[in-house]
There are 2 protein chains.
Amino acid sequence: MNRQRLDPDSRLYRIRHSLSHVLAQAVMEIRPEAKLGYGPPIENGFYYDFDLHPPLAPEDLPRLEKIMRRIIGADQRFEREDVPAEELIERLRGDGAIYKTENAEEMRDNGQKVLSVYRNGPFSDMCEGPHVTSTKELPADAFKIDSLAGAYWRGSEENKMLQRVYGLAFENKTELKEFLAKRELAKERDHRKLGAELQIFTISDEVGRGLPLWMPNGTVLRDELEKLAKETEFQWGYQRVSTPHITKEGLFLKSGHLPYYAADMFPPMEGDEGNYYLKPMNCPLHHMIYKAIPRSYRDLPLRLAEYGTCYRYEQSGELSGLLRVRAMAMNDAHIYCAEEQTREEFASVMRLHSFYYDLFGIENYWVRLSLPDLAAAGKKFVGHPDVWARAEKLVIEAMEDSGIPFEAVRGEAAFYGPKIDMQLRNVIGREETVSTNQLDLIMSERFDLTYIGKDNERHRPQIIHRAPLGTHERFVAFLIEHYGGVFPTWLAPVQVRLIPVAPAFNAYVQGLRDVLRRGFVRAEVDDSGDSFGKKIRSGATSKVPNLFIVGQKEASDSAVSWKRHGAKAQITLPFDKAREMLQKEISERIDWRRDDGEP
Amino acid sequence: MNRQRLDPDSRLYRIRHSLSHVLAQAVMEIRPEAKLGYGPPIENGFYYDFDLHPPLAPEDLPRLEKIMRRIIGADQRFEREDVPAEELIERLRGDGAIYKTENAEEMRDNGQKVLSVYRNGPFSDMCEGPHVTSTKELPADAFKIDSLAGAYWRGSEENKMLQRVYGLAFENKTELKEFLAKRELAKERDHRKLGAELQIFTISDEVGRGLPLWMPNGTVLRDELEKLAKETEFQWGYQRVSTPHITKEGLFLKSGHLPYYAADMFPPMEGDEGNYYLKPMNCPLHHMIYKAIPRSYRDLPLRLAEYGTCYRYEQSGELSGLLRVRAMAMNDAHIYCAEEQTREEFASVMRLHSFYYDLFGIENYWVRLSLPDLAAAGKKFVGHPDVWARAEKLVIEAMEDSGIPFEAVRGEAAFYGPKIDMQLRNVIGREETVSTNQLDLIMSERFDLTYIGKDNERHRPQIIHRAPLGTHERFVAFLIEHYGGVFPTWLAPVQVRLIPVAPAFNAYVQGLRDVLRRGFVRAEVDDSGDSFGKKIRSGATSKVPNLFIVGQKEASDSAVSWKRHGAKAQITLPFDKAREMLQKEISERIDWRRDDGEP
């Protein structure tokens, strides 16, 4: 969700704030005994807290909405009255408005001599405003009383539990509709919900929070992403490495992660030769591989890639599904290059990002270039300002070379160099940093990395850190929601489900499955005892992208009827042709929804 | 090396023992001042310890051999004399034989009243025998004075350092020759030596001992093995999972690894929600995936596979190259099946072993079936003897089904069930347990694993643990030595090196490399400034299996001359044809040396 804060002078703020008064008025109408708590505007709407017994029930909400619409139609003007604090406190106490009284007393104690009251029709409420001029300005079709909840007075467990009524409110009907649709989509596509339904991952308290176990379907997603990365990185000139998940602490003292970063790391294992740590990052281990043999300018750029697992000891309360975890497999690579190669390498990484984003049809993103605040040299970042200035120029040129639009933000750089973050906004509106590209000016020095140049002298390589596919955990969470669980064929855990229309065709269909599987297609047969109709429905709910349906006609013609997920139509074609098309779609990673793939 | 212990009555024992006397006699001849220590027969030969100054130099060894041959030729008879202990001690002390005296005193103190002396020619030595009858029986062409070393008297650092002279000795010249050849091969093929030369892995003290970092060439080996396992296991009906490397301690308390196995595990990480451990085994995590959803008989057999990393906190002193490490990626899988499926599943795993062994041309192995000592029920293993008896029968039947010969050993079973170990003897003679297949009767109960049977009742699955390719670390060590670093094309880090005979062909050859790489062939060009001859030699030492040589004729004809590693001949063929053959060889995992592959 967007965490934007509304401007109190905005129209939307006044609408939401006024609607909370109208809600309170409506509640007082059906429950005159209710005592009022707070009633502020919030993101997407407003709420009001009430002390009432028995509490409101969900069935009351439509009735409240109806009364609110009547009040809106009544053209009640909002009028402000400024009242001396003591006088208002007396008045509120006299009305038995215990929460308002407490609130007014507190403001008086804080030195406010005059307090304001807003009045509309028969209702009045101590309030700072602002409001709309009249209830008539409130859009009667752009709000909704949404839900009920419990909330302690002033948020403290020691106080009484009040009932909170939530309302949604927008400037017009379309916006409300869009919000509701997006919220529904978010609920349906939530990767935790789909992750469980589609058996992608499971989290077990016995194993540990934030440590997902990938079930077979999820492991297919991981494996396919790794295969994609391996193939792509091979073509882009990377070499793969594989490094341990643990190291002795000296390595992270050298990198500077210890002791400063210790709170974010798992606690140490105290071995008899010193402490071991789970690695919070892969970098130092790649640096050790760089250092393992002498390097010359002929070896550069050296691009070392690994799906390396990093560990962060996030607070329990922060953990959530695949988005906040404690162990994450990162699409990591470090490019060691001569300074004169950095611009081209950095731009090439950006083109690699574009390549991946195109493949997945990711369009809704923006690119942030975080630059150092050069005035903060030696504080917020390490190294000489001249080096940074050169690096900054280099990265900006590389970004311009790549042709990808970006927004530069000063003062947000990593301590070791400028960085690019790709900010993806997914289909449900949440923005996440998914992938990064960073230039590192420091570690080469700290790890004493060198190469022999053409001049026969030792030089320091520059280092680019990059992770276009982010971590498996975050990227799979993103993809689940992006695709709503209906993955393109190449990525889908089950690529095709074969459905015999009657048990008589089971054996034939099992034969087709075996042919497909020999070609490494993830095919399965629904040979359950279910009816044909139920098999088709279950094919849809399981979100398998392709159904091959086989009845008498298909069996006689060595054909299948191919039905795409979500498509009404199906087309019948020879099985061999279908298999060939399917395999092409898989090997070329075609998304039939985007590439106008038949059928 | 073979750890067989020689029978003291054997001819070889007597030969080796007698040769140690002959060696001592030879040393006394050139160094009359030398004092004798111990001189026993050992594996592959014998040694004798001397106290002498200055020590013998390597150049002395041929001279000693020559003297020994003369003594052998002299037909000196070995004669035993039994002497009262006190008398012998007096005699030795008189001779100044301080070490022999100390030894004799100790034997007397241990109650030996009479000690024996063996005499041949001018030489005599306190000794228990036995010996050959005469030096003439010693094979003059089947021994060799091998090396010099330092050794503390009685192996204690507190004692004086003596000089040890090692000899090799066999019954005949052929055996000596074979031993020397095998030792030379072992030295050349040692995976630590080749691992460094071929840049397969590196071990860094800063990262930690026993935690290899896989360099690009080694990562190719890992990745190719994983690809092989994934493809094979897909065809054999496995599903892949991916589980964390760490878990909370409760899981390993449940499995019984803690506290009993704690000494072999890394120390805990003390988190705020209890201890975390690096997993010593993958099993419990797979069990949690089994448990994550309800299972029915229709899901069985469920085969969950993972290259899962296990951690063992081996003693520093035990660590060696890739063979003894602290983190190892295991070709693991657990098969959950109904008891009536176990026999077929177990046999199928054995067939899978055969499949892999055939692929790698592994012929020198034997299969050990470890069975429980049924009399030790409740002590050495858990569970009811009847269950074990049934399991034992089942496994034996499965082994018979598989057609693989095996040797049953009683009393060696795992505590949770009978197991199969594949004992590989590699080309340098070392025997290693590389892969296993085990039936588990216990964990299903401990982890409360169930499935709903056809009868609608809950049943416990049986579990098979298997790891045909063992761990990456051990299997790669084995393969390096097995292939002497010359891997079959599909596995080779660099599959083909293109060699232009002169710089004029560099650009053309780089184009061919690019074509190959687009087809995912790991191709590289030697476009260094080296001479053609040097390029060919460097192609050989780098152990790249295929060289494509391009000169004027090849360039004009769009051809290459293909030279296999170690082959004298090369054949010229159109590049497209060569590329096609190479790709077929890769995709079908053909070893040209075994499958009579052209060229």
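The values are calculated or read from the model by the stated rules, or taken from the named source; none is laboratory data. Just so we're clear, the structure is a prediction, and the values are computed from it rather than from any experiment. Ideal geometry is used to build each Cβ from the backbone, glycine not excepted, and the neighbour counts take in all protein chains shown. Ligands, DNA and RNA are excluded from the accessible area calculation, which covers all protein heavy atoms including side chains. Shrake-Rupley method; radii C 1.70, N 1.55, O 1.52, S 1.80 Å.
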Put A:W592, A:W366, A:W388 in order of accessible area, largest first, probe 1.4 Å, and you get A:W366, A:W592, A:W388
Helix A:216-235 sits off the longest principal axis of the Cα atoms of chain A, rounded to the nearest 10 on a 0 to 90 degree scale, by 60 degrees
Sorting from shortest, the nanometre distances separating the label point of B:D386 (7 Å past Cα along the line to Cβ) from those of the same residue in the other copies are 8.7
Shielding of A:243-252 by other chains, given as the mean Cβ count within 10 Å, works out to 6
Residues whose modelled amide H sits under 5 Å from the amide H of A:M265, counting only those 5 or more places away in sequence or on another chain, are A:Y313
Counting only protein heavy atoms and leaving out ligands, DNA and RNA, the solvent-accessible surface of B:F123 at a 1.4 Å probe, in Å² to the nearest 10, equals 10 Å²
Here, A:E184 and A:N275, labelled 7 Å along Cα→Cβ, have an inter-label distance in nm of 5.3 nm
Counting other chain Cβ atoms within 10 Å of each Cβ in B:264-271 and taking the mean gives 5
Expressed in square angstrom to the nearest 10, the accessible area of B:V501 with a 1.4 Å probe stands at 60 Å²
In whole Hz, the Karplus estimates of ³J(HN,Hα) for the stretch A:243-249 (6.51, -1.76, 1.60; θ = phi - 60°; x where Gly or Pro) are 10, x, 7, 10, 8, 6, 5
For B:A74, placing the label point 7 angstrom along Cα-to-beta-carbon and taking the stretch B:111-131, residues whose amide nitrogen sits under 14 Å are B:119-125
Rounded to whole angstroms and listed largest first, the alpha-carbon spread of the stretch B:349-488 along its three principal axes comes to 55, 34, 27
In whole Å, largest first, the alpha carbons of the stretch A:442-543 cover along the principal axes 77, 30, 16
Kirkwood-based Rg/Rh on the Cα set of the stretch B:11-181 evaluates to 0.96
Of all C-alpha pairs within chain B, those more than 43 angstrom apart amount in percent to 43 percent
A correct Stokes-Einstein calculation for the stretch B:496-595, using the alpha-carbon Kirkwood radius, 25 °C and 0.890 mPa s, returns a whole-number D in µm² s⁻¹ of 182 µm²/s
For B:R192 and A:S528, extending 7 Å from Cα along the Cα-Cβ vector and measuring point to point gives, in nm, a value of 5.8 nm
In Å², rounded to a whole number, the accessible area per residue of the stretch B:184-252 with probe 1.4 Å is 35 Å²
One decimal, nm, nearest first: from A:R593 to the same residue in each other copy, label points 7 Å out along Cα→Cβ, the values are 5.1
Expressed to one decimal in nm², the mean projection of the alpha carbon convex hull of the stretch B:252-397 is 12.3 nm²
Inter-copy distances for B:Q199, label 7 Å out on the Cα-Cβ vector, sorted ascending, nm, one decimal, are 4.4
For the stretch B:126-251, the Cα gyration tensor yields equivalent-ellipsoid semi-axes (√(5λ), largest first, whole Å) of 48, 24, 17
Within 10 Å of the Cβ of an average residue in B:234-242, the count of other chain Cβ atoms is 5
Packing-ranked peptide list from A:262-272, A:238-248, A:199-209, highest mean Cβ count within 10 angstrom first, is A:238-248, A:199-209, A:262-272
Taking the protein assembly as shown, the equivalent ellipsoid from its C-alpha gyration tensor has semi-axes in Å, biggest first, of 70, 37, 35
Measuring from the longest principal axis of the C-alpha atoms of chain B, the long axis of helix B:85-95 (C-alpha) lies at a number of degrees, nearest 10, equal to 80 degrees
A 1.4 Å probe over the protein heavy atoms gives the stretch B:93-195 a carbon and sulfur accessible-area percentage of 46 percent
Across 10 Å bins beginning at 0, the whole-percent shares of Cα-Cα pair distances in the stretch B:1-59 come to 23, 45, 25, 8
The percentage of the accessible area of the stretch B:465-599 (probe 1.4 Å, all protein chains present) made up of carbon and sulfur atoms, to the nearest whole number, is 52 percent
Taking placed amide H atoms and a strict 5 Å upper bound, the residues 5 or more places from B:F78 or on another chain that come that close are B:S134, B:T135
In degrees rounded to 10, the 0-90 angle between helix B:532-541 Cα long axis and the longest Cα principal axis of chain B is 80 degrees
Per-residue ellipticity at 222 nm attributable to helices in chain B (runs of n ≥ 4 DSSP H, -39500 (n - 2.57) apiece, nearest 500 deg cm²/dmol) works out to -11500 deg cm²/dmol
Using a 1.4 Å probe on heavy atoms of the protein chains only, the accessible area for A:I293 in Å², nearest 10, reads 40 Å²
In whole angstrom, largest first, the equivalent ellipsoid semi-axes that the Cα gyration tensor gives for the stretch B:183-306 are 33, 25, 13
